[in-house]
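Below: the structure, in structure tokens.
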Amino acid sequence: FMTALVEIGLQTHISANDLLKPSQREMVLFILQLYLTLPHYLPKTLIEFECELGDTIVKYIELTNPTSRVINYWVRLEGSGTGEVKDFTIENDTVRIEPKAPPFKFPVRYYGRLFKPVSARLIFTSNTNEGGIRAAPMVFELRSKITARKNEEPPKQVEAPLYEPVTFDMQIRNPFKQDADFIIKIEYERGLPEEEKKKAAATKKKPAAVPAGSNSNRG
């Protein structure tokens, strides 16, 4: 329990011995502290990162300090991939906000490596070791939204007689920094290719030609 309090950055005067030999007065104060502090660990807002698969997007969280003393935060990112492969990344794990200064823009980077939605939490907890006042924690929920997939290579056109199989090779490139297993899936698309669709749309927009000498107005 005490380890969990340290991990979330909740500072308290209660020790493990106080929990083993509880005092009614100390427990009431401790419960009151939890009651007032824990709601701050609920996400304040949802920040959505919308991009195409394989793209990188950066968004900024603006932090302000309306007090007359400096505020220092520890910054922790939870639930963002495993090992060296990260969906969300941050540049710094500490933040210093000067009093009544312009908003501090904290960058969060997202790399769209998976088509399915992924989420993470960005947690700011007060760091009084560097001086300043003790501020309430802040939590932001991060979520991805992939809008489209980009082709790694230009579309490959294959010609073959009707109902006769044709074999051709395709190169698979690993965009990650470590070994990965890929699932091969074939999706069938109906309709014309994009270039032919554009040509057909342009043709429809052209006005119909009227033969010379004819009169389009009828009395």
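Each value in this text was obtained by applying a stated rule to the coordinates, not by laboratory testing. In this text, all values refer to a predicted model and were calculated from it rather than measured experimentally. Cβ coordinates were reconstructed from backbone atoms using ideal geometry, including for glycine residues, and neighbour counts include every protein chain displayed.
What does the charge count near ILE133 come to, summing +1 for each Lys or Arg and -1 for each Asp or Glu among other residues with Cβ under 15 Å from its Cβ?
Residues close to ILE133 contribute a combined charge of +2.
To the nearest 0.05, what FRET efficiency results for GLU159 and ASP181 with a Förster distance of 30 Å applied to their C-beta separation? Intermediate values should be presented prior to the final figure.
Working: r = 32 Å, r/R0 = 1.06.
Efficiency, from the Cβ-Cβ distance: 0.40.
Given points 7 Å out from each Cα along the Cα-Cβ axis, report the TYR35 to ASP18 separation in nanometres with one decimal.
With each label point 7 Å from Cα toward Cβ, the separation is 1.7 nm.
Where Lys and Arg each count +1 and Asp and Glu each count -1, what net charge lies around LEU42 among other residues with Cβ under 13 Å from its Cβ?
Surrounding charge for LEU42 is +1.
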